[in-house]
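This report refers to the structure that appears directly beneath it.
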Amino acid sequence: MTESSSAGAAQAAPEKHGFQAEVRELLQLMIHSLYSHREIFLRELISNASDANDKLRFLALAQPDLMAGESELKIWIDHDAEKGTLTIRDNGIGMTREEAIAHLGTIAKSGTADFFKRLTGDQQKDSQLIGQFGVGFYSAFIVADEVEVLTRKAGEPAARGTRWISKADGEFTVEALEHEPRGTTVILHLKEEAKEFADGWRLRSLVRRYSDHIAFPVLMRKEGEASLDWEAANQAQALWTRSRSEIKDEEYKEFYQHIAHDFAEPLAWSHNKVEGKREYTSLLYLPARAPFDLYQRDATRGLKLYVRRVFIMDDAEQFLPMYLRFIRGVLDSNDLPLNVSRELLQKDAEVEAMRSALAKRALDLLARLAKDEPEKYATFWKEFGPVLKEGTGEDPSNREKILPLLRLSSTHEEGDEPKVTLADYIARMKSGQDRIYYLIADSLTAARGSPYLEQLRAKGIEVLLLADRVDEWMMGHLREFEGKRFKDVARGDLELGGLEGEADKAAAEEAQKENKKLLKRIKDALGERVSEVKVSSRLADTPACLVLAEGDMGAQMRRIMAAAGQAVPEAKPELEVNVGHALIKRLDATSAEDEFTELALLVFDQAKLAESGSVANPGEFVRRLNKLLGQLMAAG
Ligand code: ADP
Ligand code: MG
């Protein structure tokens, strides 16, 4: 005893620490620019208390001694209107001195830097971003000008308590403290303009709102400031364990906001209990907004995992495929062992089976939303569409479920919002058409202006316009929908089939023959740049275009590979020329070989530009173009 107290005395002097730079910045933001949704601090602190209790309960499975003295896990909320303080206490895991310094002085999350980059300075937007990011502990400074944390780690003696205190002025102080209660007490010294939170009535309504679904009792003093009796202000039953029919929509929404740290309401949810050979409950949510790290490889994702109501881990990513990483929610299994680890989850056949069932549930949820609430589905698509598209390649077993969920742009739909379903497309197909035509481009604008569409447009044939980064990859995995093959209009033969009359075909063949000499001259001029030169079936107003072979890598994919530093295979396209075009006619009439070659190269580079957005040698291209323009001016 003497020994430990003298050890305590050695550290008794308060020790100053600076906050990590990111935390300082975050704190500035909390203090100066978060006026709306101020009350979220309470949700965050109750959530931390609940996490702390969860963690202790989990550790106590292996070390029951940790619960000694107090086996019921609880949360207490108290206030003092006179002093203007608000206190949130738990009897959970607690923190050591080192942990307090590390956890309450830095941000451990990945993507922090990204978060700061995305701040706009716009109140409304930034406060939403803060919500998405999960502000956690530091949100206490939205309402408090001083925050005090008294904590004792479970299993440590009372003499090893810690007091952490900060005014958010760039630093915090820690000191040793004799502290009997196990767990953590957070005391907020409320700002003048936040004194309203030291009010029993106001607190009770907030607590009810933010913690009804918390699985631990949240105790508050009975009416009357000085009352010594405590009562639970919440139901203290994990929401997902209750039956669907008795849970209100409001409760589902609040629970979502609790687990996802999102101000926004979810678009939809799906709550299911599976019984029989395998028993588990799942509650899956569809958020209304993409998190800022949706496309980051190391971003956390997955469900909150419980085993028989005991919290096991956050972000259990093994229960949903990558392309459904936007789904948030809870999974509570009756069969998994309590000591399950991430490594075990990775290899487990049970987990595999659950993942496949949960993926189906999530896709059913999307299908239901698409059918019943198309506007909400459009919101979903805008935020997460490209991610869902990944599923077409990643999860062939569910392709039939994913394809009807796609929303695409097309030549038959105005505007930027993709609305066309594959079923719409098929219903509008022209008689004799048996291909689903599509075009991949860098942007919708580029797609709409693409020369590849000229003849198809003239014939009134609809073409899907694909401009997401994942599109070429996706189309590489898709062969057909409802028996109709997909056809890239920038590759190979257009396969017009029944859309083309016998007369058209004969005319096309005739044109090839008639222009044989010209085509050969162009091919000779271009040499190895192209595999062949043909009369075009695609063009109306443009002199020429490049056409890739079916198996060649397209421009989008080539760019992605090049950006990733990977070797890009050479593709040798065909050049299709529009023999009706004045420029090609002029070319045909040119007898001087030098001039012919110059002009042919110019035609080729133009086509290259339209196909891929760049030419091999821009300087030369510009020189050639200017030379020609110069000649024209001299002639005029
Ligand atoms: P998050 O909860 O997302 O991890 P927070 O900012 O809310 O982020 O909390 C930071 C960390 O501080 C927590 O991960 C935890 O380690 C620690 N912490 C906060 N509150 C408590 C508490 N009541 N008991 C124990 N540890 C806590
Ligand atoms: Mg937290």
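Listed by first and then second residue, the pairs linking a residue in the stretch 26-47 that is more than 13 Å from ILE77 (Cβ to Cβ) and open to solvent by 40 Å² or more (accessible area, probe 1.4 Å) to a residue that is within 15 Å of ligand 2 (Cβ to nearest atom) and modelled with pLDDT of 85 or more, with Cβ atoms under 7 Å apart and 6 or more places separating them unless they lie on different chains, are ILE31/PHE141; ARG38/ILE142. Considering (1) within 12 Å of ligand 1 (Cβ to nearest atom); (2) open to solvent by less than 10 Å² (accessible area, probe 1.4 Å), the lone condition that LYS55 does not fulfil carries the number (2).
For the stretch 67-81, a residue qualifies if it is closer than 13 Å to GLY200 by Cβ and not aliphatic (A, V, I, L, M), and the qualifying residues are ASP78, HIS79, ASP80.
Please state which one of ALA60, ALA13 is surrounded by fewer than 20 Cβ atoms within 10 Å (Cβ to Cβ), in a loop (DSSP other than H, G, I, E, B), over 25 Å from the mean Cα position of the chain (by Cα) and not charged (D, E, K, R).
Numbers: ALA60 fails: in a loop (DSSP other than H, G, I, E, B).
Going through ALA60, ALA13 in turn, just one is surrounded by fewer than 20 Cβ atoms within 10 Å (Cβ to Cβ), in a loop (DSSP other than H, G, I, E, B), over 25 Å from the mean Cα position of the chain (by Cα) and not charged (D, E, K, R): ALA13.
Out of (1) more than 16 Å from ligand 2 (Cβ to nearest atom); (2) of a type outside the set (Gly, Ala, Ser); (3) modelled with pLDDT under 95, what's the single condition that is false for ASN48? Of everything listed in (1) more than 16 Å from ligand 2 (Cβ to nearest atom); (2) of a type outside the set (Gly, Ala, Ser); (3) modelled with pLDDT under 95, ASN48 misses just condition (1).
Return the residues of the stretch 483-533 that are in a loop (DSSP other than H, G, I, E, B) and not charged (D, E, K, R); say none if nothing qualifies. Result: GLY483, VAL489, ALA490, GLY492, LEU494, LEU496, GLY501, ASN515, VAL530, SER531. Consider the stretch 425-444 and keep the residues that are within 26 Å of the chain's Cα centre (by Cα) and small (Gly, Ala, Ser). The one that is most open to solvent (accessible area, probe 1.4 Å) is SER443.
Only residues that are open to solvent by 20 Å² or more (accessible area, probe 1.4 Å), in a strand (DSSP E or B) and over 17 Å from ALA52 (Cα atoms) were counted in the stretch 176-195, giving 3. Contact map, the stretch 623-636: residues that are modelled with pLDDT under 90 paired with residues that are assigned to a helix (DSSP H, G or I), Cβ distance under 7 Å, separation 6+ or inter-chain. Pairs shown: LEU628/LEU602. Scanning the stretch 513-565 for residues that are among the basic types (Lys, Arg) and under 41 Å from the mean Cα position of the chain (by Cα), which turns out most open to solvent (accessible area, probe 1.4 Å)? Once the filter is applied, the top-ranked residue is ARG529.
When residues in the stretch 143-169 are screened for being part of a strand (DSSP E or B) and farther than 30 Å from HIS32 by Cβ, 2 of them pass.
Rundown of residues vs (1) open to solvent by 20 Å² or more (accessible area, probe 1.4 Å); (2) within 16 Å of ligand 1 (Cβ to nearest atom); (3) of a type in the set (Gly, Ala, Ser), yes/no style:
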{"position": "ALA233", "(1), (2), (3)": "no, no, yes"}
{"position": "ASP249", "(1), (2), (3)": "yes, no, no"}
{"position": "GLU254", "(1), (2), (3)": "yes, no, no"}
{"position": "GLU275", "(1), (2), (3)": "yes, no, no"}
{"position": "THR281", "(1), (2), (3)": "no, no, no"}
{"position": "ARG301", "(1), (2), (3)": "yes, yes, no"}
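Taking the conditions (1) closer than 21 Å to MET313 by Cβ; (2) assigned to a loop (DSSP other than H, G, I, E, B); (3) among the small types (Gly, Ala, Ser) in turn, SER50 satisfies each one other than (2). In the stretch 137-170, which residue that is within 19 Å of GLN20 (Cβ to Cβ) and more than 16 Å from ligand 2 (Cβ to nearest atom) is most open to solvent (accessible area, probe 1.4 Å)? Here the answer is LYS167. When ASP315 is tested against the conditions (1) open to solvent by less than 60 Å² (accessible area, probe 1.4 Å); (2) farther than 24 Å from ALA108 by Cβ; (3) of a type in the set (D, E, K, R), the lone failure is (2). Only a single criterion out of (1) surrounded by 16 or more Cβ atoms within 10 Å (Cβ to Cβ); (2) more than 30 Å from THR120 (Cβ to Cβ); (3) modelled with pLDDT of 90 or more is not satisfied by ASP212, namely (3). Being within 16 Å of ligand 2 (Cβ to nearest atom) and either surrounded by fewer than 18 Cβ atoms within 10 Å (Cβ to Cβ) or closer than 14 Å to THR96 by Cα (or both) is a property that does not hold for THR173.
Here the stretch 85-100 is the region considered, the condition is being open to solvent by 10 Å² or more (accessible area, probe 1.4 Å) and away from ligand 1 (no atom under 11 Å from the Cβ), and the residue that is farthest from VAL147 (Cα to Cα) is GLU98.
The values are calculated or read from the model by the stated rules, or taken from the named source; none is laboratory data. This one's a predicted model, so the numbers in the text were calculated from it and none came from an experiment. Here Cβ is always computed from backbone atoms with ideal geometry, including for glycine, and neighbour counts include all displayed protein chains. Side chains are part of the model used for accessible areas, which takes the heavy atoms of the whole protein and leaves out ligands, DNA and RNA. Shrake-Rupley method; radii C 1.70, N 1.55, O 1.52, S 1.80 Å.
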